[in-house]
Amino acid sequence: MIDYLKAFEAFLWGLPLIVGILGCGMYITIKTRAIQFRKLSYSLKNTLGRVFEKDPFHKKGDISSFQALATALAGTVGTGNIVGVSLAILIGGPGAIFWMWLAAIFGMATKFAEVSLAVAFREKKGDRFVGGPMYYIKNGLGNEKLAKSFAIFAGLAVFGIGNSTQSNAIAGVLKQNLNINPLITGIVLSIICAVVVVGGINSISKVTEKLVPFMSILYIVGCLSILFINRTHILPAISSIFVGAFRPSSLGGGLVGLSIRQVISAGIARGVFTNEAGLGSSPIAHASAKTDHPIRQGIWGIAEVFVDTIIICSMTALVILTTGANTKTNVDASTLVSEAFASGSSFGPIIVTIGLSLFALSTILGWAYYGEVSLDFIFGRKIIIPYRIVYVIFVFLGANIDLGLVWTIANILNGLMALPNLIALIGLSPILVKLIKDFFQDPERIRKSSKEYEACLK
C-alpha cells in the first residue's frame, strides 16, 4: 500500500499537475490578455505600495486587504521557500530556478483568478464572510458535489501539509541547530497555535500581519548579506540558471546526465508547491477581505506570488548558488541552505533556523483557517470547536513523531485539491473577464456597490 501511495504521489505531482496547473495559468493569461504583465505595475503600486495607508471607507468584509494578503502569505510562505528551493536545485540543478520563475509568472494569473472569484462568489455566514474554491464551484459552476470534493481534500490536507509536517520541520531544525527537545517545541507551538486559532480569522490575521513582514524582511536581509559577501559570484549564478534551464549538461559536474525534462519537472513542481497557485488554498483567506470589488482584491493575489516566488525563493536560490553549497557532497534539501549561510557567516545557521521556524509557524496559522472554512462548508459551524482542538493536537504530534507516510498522504491530498479548482477556474474564466472589464472602467472608484458587478456573475 505504501508503495502504491508513493507511486501515485509521484504520478500526480508529475505530468498531470504540471500540465494542469501550468496549462491553466497559460489559459487564464491568454483570456485576461496577460493581466499579470499589463497590470503588474498597477498591482504592486496599489498593494505593497499602499500597505501603510488606512482605508477610511467602509467596505464589505471582515479583515483588511493587507491582513488577507498576510494570512495568505502566512499559509504560502513556508518550508517550500527554503527546503523546496533546495530540493529543486538538488534534483534539477540551477536551471530548475528558471522554470520555477516561469511557473510563478503564469501562477500570478492563476492566483489573480482564484482570489477574484473567491471574493465574487463568497457568502455571508452569520457575522463573517467566507469563500474559496468550494464557494465559487458551488455558486459559480453550480456543482455542489465538486465543491464538496475540494472541501474534503482541503479539510484533510491541512492536518498534513499545513500542520504536522510544518511543526515537524520546526522541531527538526531547532533540535539540530539549538539542541532543543522536540517535546518542548511541540508544547510551545501548541500553546501559540491554540491562543491564536481560537479567535478565528480576525485573531489569525492580526498575528500574521505583523509576523509575515517581520519574518520576510529578516530572511531577505540575511540573504542580501550573504549575497554581498559573494557579490562576485552573482552574475555567474544567474548565468548558470539560464544556461542550466536548456543545457544542463554544459554546466558539468553532476549535471552531465541530467535531462531538460528533469530540470523542467523539478522547477515547475517545486514552484507550484511554494506559491500554491492553482491549489485553491490562499483564496480562502482573501475571501474575508474588506473590498469594494473582486478584482481589487485579485491584484493582491498577483503581489502574493511575486513576493513568495520572485523575491523570497529567488533569494534562497542565489544564496545557494553563489556560495557553491549545491556542489558539496553529503548535503540534502533540509541542510543545503544552512550550509550556504554557514559559509558566509557564523550567524548564518541561526538566521536559517529562525527563518525556517517562522515560515513554518506562519503556515500552521494560515492553514488553520483554511481547514476551518473547508470543514464548515461540509458540516456547518458545529465542527469548528472540535476541529480547532484536533488541529492543536496535531501540531504537538507532528513535532514529536516520525511522520513517514504522512508526507506522502499530505502531498496527494494537496494535489487532489487542485483538480476541482482548475476545472472551476477554466469554467468561470468568462465571468473573470467580465469582472476585469467592469473594474478597469474606473478602478479608482470608492465604495462600489456589490450590486453593480453582480451582473457580471450571471
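Which residue, of Leu255, Leu211, Leu251, is at pLDDT below 85 and more than 20 Å from Gly92 (Cα to Cα)?
After applying the criteria, what remains is Leu211.
Are any of the residues in segment 157-169 of a type outside the set (S, T, N, Q), in a loop (DSSP other than H, G, I, E, B), buried (at least 24 other Cβ atoms within 10 Å of the Cβ) and touching a helix residue (DSSP H, G or I) at 6+ places or on another chain (Cβ under 7 Å)?
Narrowing segment 157-169 to residues of a type outside the set (S, T, N, Q): 157-162, 169.
Next, only the ones that are in a loop (DSSP other than H, G, I, E, B) stay: 158-159.
Filter once more, keeping what is buried (at least 24 other Cβ atoms within 10 Å of the Cβ): 158-159.
From what's left, touching a helix residue (DSSP H, G or I) at 6+ places or on another chain (Cβ under 7 Å): 158-159.
Taking every residue of segment 157-169 in turn, at least one turns out to be of a type outside the set (S, T, N, Q), in a loop (DSSP other than H, G, I, E, B), buried (at least 24 other Cβ atoms within 10 Å of the Cβ) and touching a helix residue (DSSP H, G or I) at 6+ places or on another chain (Cβ under 7 Å).
Is there a residue being touching a residue at least 12 places away in the same chain (Cβ under 8 Å) and in contact with a strand residue (DSSP E or B) (Cβ under 8 Å, 6 or more places away or on another chain) anywhere in segment 263-282?
no
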- Message: If Phe306 satisfies all but one of (1) in a helix (DSSP H, G or I); (2) open to solvent by 10 Å² or more (accessible area, probe 1.4 Å); (3) more than 30 Å from Gly23 (Cβ to Cβ); (4) hydrophobic (A, V, I, L, M, F, W, C), what's the number of the condition it fails?
- Response: (3)
- Query: What are the pairs, 6+ residues apart or on separate chains, where a residue within segment 364-387 that is more than 19 Å from Thr71 (Cα to Cα) and free of Cβ contacts under 8 Å to residues at least 12 places away in the same chain has its Cβ under 8 Å from a residue that is surrounded by 14 or more Cβ atoms within 10 Å (Cβ to Cβ) and of a type in the set (Asp, Glu)?
  - Reply: Ile383/Asp376
- Query: Looking only at residues in segment 203-231 that are closer than 28 Å to Ser374 by Cα and not aliphatic (A, V, I, L, M), which one is most open to solvent (accessible area, probe 1.4 Å)?
  - Reply: Lys210
- For segment 94-126 the number of residues that are of a type outside the set (Lys, Arg) and surrounded by fewer than 24 Cβ atoms within 10 Å (Cβ to Cβ) is 6
- For helices (runs of 4 or more DSSP H) lying entirely in segment 1-93, having 2 or more residues that are surrounded by fewer than 20 Cβ atoms within 10 Å (Cβ to Cβ) and modelled with pLDDT of 80 or more picks out 2-12, 15-31, 35-38, 40-45, 83-92
- Item | First in segment 175-202 and over 19 Å from Trp367 (Cα atoms) and open to solvent by 60 Å² or more (accessible area, probe 1.4 Å), second anywhere and part of a loop (DSSP other than H, G, I, E, B) and not β-branched (Val, Ile, Thr), Cβ under 9 Å, 6 or more apart | Lys175/Asn181
- Query: How many of the residues in segment 105-135 are of a type outside the set (D, E, K, R) and assigned to a strand (DSSP E or B)?
  - Reply: 2
- Just one listed residue, out of Lys148, Lys138, is assigned to a helix (DSSP H, G or I), among the charged types (D, E, K, R) and more than 21 Å from Glu276 (Cα to Cα), and it is Lys138
- Does Val158 satisfy being among the β-branched types (Val, Ile, Thr) and in contact with a strand residue (DSSP E or B) (Cβ under 9 Å, 6 or more places away or on another chain)? no
- Tally the residues that are crowded, with 24+ Cβ neighbours inside 10 Å and in a helix (DSSP H, G or I), restricting the search to segment 272-301. 15
- Item | Answer from Val337, Val373 - the residue that is open to solvent by less than 30 Å² (accessible area, probe 1.4 Å) and touching a strand residue (DSSP E or B) at 6+ places or on another chain (Cβ under 9 Å) | Val373
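Taking into account only those residues within segment 343-357 that are of a type in the set (Gly, Ala, Ser) and open to solvent by 50 Å² or more (accessible area, probe 1.4 Å), which is modelled with the lowest pLDDT?
We begin by selecting, within segment 343-357, every residue of a type in the set (Gly, Ala, Ser); these are 343-346, 348, 355, 357.
Narrowing the set further to residues that are open to solvent by 50 Å² or more (accessible area, probe 1.4 Å) leaves 343, 346.
Values: Ser343: 74, Ser346: 66.
My answer is Ser346.
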- Task: Find the residue count for segment 415-458, including only residues that are part of a loop (DSSP other than H, G, I, E, B), open to solvent by less than 70 Å² (accessible area, probe 1.4 Å) and modelled with pLDDT of 70 or more.
- Result: 1
- Message: For segment 11-43, give me the residue count where each residue is closer than 30 Å to Trp407 by Cα and within 20 Å of the chain's Cα centre (by Cα).
- Response: 14
- Taking into account only those residues within segment 319-334 that are surrounded by fewer than 24 Cβ atoms within 10 Å (Cβ to Cβ) and under 19 Å from Phe273 (Cβ atoms), which is modelled with the highest pLDDT? Asn326
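The values are calculated or read from the model by the stated rules, or taken from the named source; none is laboratory data. Note that the structure is predicted; figures quoted are calculated from it, not measured. Backbone-built Cβ (ideal geometry, glycine too); neighbour counts: all protein chains shown. Each accessible area value is taken on the protein alone, full model and side chains, heavy atoms only, with ligands, DNA and RNA left out. Shrake-Rupley method; radii C 1.70, N 1.55, O 1.52, S 1.80 Å.
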